[in-house]
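The values are calculated or read from the model by the stated rules, or taken from the named source; none is laboratory data. A quick note: this is a predicted structure, and the numbers were derived from the prediction, not measured. We place every Cβ from the backbone using ideal geometry, glycine too, and count neighbours over all the protein chains shown. Calculation scope for accessible area: heavy atoms of the full protein, side chains included, ligands and nucleic acids excluded. Shrake-Rupley method; radii C 1.70, N 1.55, O 1.52, S 1.80 Å.
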Amino acid sequence: MKSQRIFSLSAVVCLTLLTCSFALAGETEGPFIKGEVNHSVSRPMRELAPVRTDVGERFAPAITGLLNMAGQKAPGGQLYSDATGAVGATQYVQLVNSEYTIYDKTTGTAIAGPIAENSLWATFGSSCQTSNNGDGTVMYDQLANVWVFQHHAVPTGGPYLNCIAVSTSSDATGTYFLYAFALTLEFPDKPRIGLWPDAYYISQDVLDPTTKVFVRSQACALERSSMLAGTYAHSICFQGSISLPTFVTSTLDGQTLPPAGEQAFFWQLDQRPGVGKNNLNSFLFHVDWVTSTNSTFTGPVTNALPSYTDACNNFKPCIPQPGTTTVLQGWGDRLIGRVTYRNFGTYESILMAHAVTQGLSTAAHAAIRWYEYRTPLTPVIFQWNTYSPDKTTWRWIPTIAQDQFGDIAVGYNVSGTTVYPGLRYAGHVPTDRNGLLEPEITVATGAGVENGTNKSWSSYGGMALDPVDDCTFYFTGQYYATSSQEGWSTQIASFRFPSCTN
């Protein structure tokens, strides 16, 4: 959902089925404590839809022995894909707006799908069953070996729900524990879910239901232990007040847990002119499931970033394409994709990326800005850079992750006046100088443009690590194989660094 960035002070509504308390922590409000709306168990996903044989054709591998294959295509009625993906014990799941497909992670063979996002909820009741509104994501909880799907249900006039499905096994085609949470009375937009040992954490924007204007951001914890068991689950939420921008939750990669008792991290690019431009704000979410009112959301801690101008100058479309005056949304005003956390034992690492403007005047173009933070409790940039290996190709929609040895990969879109919208990635190994990304690799070469009046573009791609070998990256995103207004395609690629061994 595309929204204007208009910051305003609005009334705070305390949503509660159990208890409610109020505390002011800097510029945030909460906790707001709720029980679920409903939960149940789904039918096995394998029974919901047959495998569609035209999902996509295999492409020649970009890296020997690993996959580069076509993913799902536009199902119709969705202007952009918001493609994400996750990899599990034996399967890979790609989710695009309104549907997902399950693949064998080794061969790339489609096992089930495409399946509508709300199909799992066919007997659940509520708008989780009746609404298929997209904005979904998928992740694999490698600590419990289960899949976690989420999407929002936003029927006209409400009620608005966050719909969460947690698989009962490592098999994505099996049954799921289904949950519906009413986290806000207003319109929830772009929800993203992250894994931490004590909770599943959600960050999302809250919009005015009528105007779809940005009102505030919201940070919520969902009771992970109960959801893994299929029992009654609670949520605890905090919300930004007045003018705090979009929150993004961190998510745990790898099997090494954070230090005992370490709180979950939330982040935001502070884009307020004259207030926070070029700042990164960090927050700590402490959840207490025994005494919920003891939960806290502390911050912001302000971290100065190396100077930049965001891609497209806030929320204006500006990404060019060949042979058309239609320009694309740059999403330069916020962090894009997952913010990943990994504990290496001797240090903790946080990776994040966004799109900035590189160059001046007529040479200005979008480029990838990425950061690695260490000691996240007292955030310090360990390395960063702006990646733009040429002056004519625009790069945006970054998604970033690292393997068990600290090899880093960043995937992103490319476009330009002579480059059709496509997909590439670049890598960094620990022996490289800090901030260096090596020469990029093409995943999908575009052959068409997004035309007509549609200037929207997928607001994130997906980069995920295989939880079994903790070495293999899986990257997915959107591009155009032929010109159309909404006939996007997606691609899925897997790869690994030679230095990473099991």
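Here is how the numbers come out for the structure above:
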item	result
Alpha-carbon centroids, the range 314-365 and the range 429-492: separation in whole Å	12 Å
Distant-in-sequence amide H partners of Gln485 (H built 1.01 Å from N, under 5 Å)	Asn451
Cα→Cβ-extended label distance, 7 Å offset, between Arg374 and Lys316, nm	4.0 nm
Among the listed pairs Lys34/Lys212; Lys212/Lys391; Lys73/Lys105; Lys105/Lys455, those beyond 30 Å (Cα-Cα)	Lys212/Lys391; Lys105/Lys455
Computed accessible area, His354, all protein chains, 1.4 angstrom probe, square angstrom	0 Å²
9 Å beta-carbon shell around Arg496, net charge (K/R +1, D/E -1)	-4
Span from the the range 411-427 Cα centroid across to the the range 89-121 one, whole angstrom	25 Å
Cβ-derived FRET efficiency at R0 51 Å, Thr291 paired with Ser484, nearest 0.05	0.40
Gyration tensor (alpha-carbon) shape descriptor, the range 157-250, a/c threshold 1.5	prolate
Listed residue (Tyr373, Val419, Phe177) projecting farthest to the positive dipole end of the chain, Cβ model	Val419
Percentage relative contact order, the chain, counting C-alpha pairs under 8 Å, at least six apart	15 percent
Additional length obtainable on full extension of the chain from Asp104 to Ser499, 0.36 nm per residue less Cα span	139.7 nm
Between the range 143-222 and the range 372-402, the Cα center-to-center distance that results, in Å	27 Å
Rounded to the nearest 10 Å², the accessible area of Val356 at probe 1.4 Å	0 Å²
Ranking by accessible area, most exposed first, for Thr418, Thr168 with a 1.4 Å probe	Thr418, Thr168
R0 of 45 Å, Cβ-Cβ distance Thr256-Arg43: FRET efficiency to nearest 0.05	0.80
Relative packing of peptides 485-491, 106-112, 458-464 - highest average C-beta neighbours within 10 Å first	458-464, 485-491, 106-112
Two-site label geometry, Asp469 and Thr346: point separation in nm, points 7 Å out along Cα→Cβ	2.6 nm
Distance in nm between pseudo-label sites at Thr123 and Asp390 (7 Å out along the Cβ direction from Cα)	5.6 nm
Full-extension gain in nm, Ala304 to Asn279, via 0.36 nm per residue minus C-alpha separation	8.5 nm
Peptide ranges 125-131, 444-450 listed from the most packed, as the mean C-beta count within 10 angstrom indicates	444-450, 125-131
Difference of contour (0.36 nm per residue) and Cα-Cα distance, Leu360 to Thr324	10.7 nm
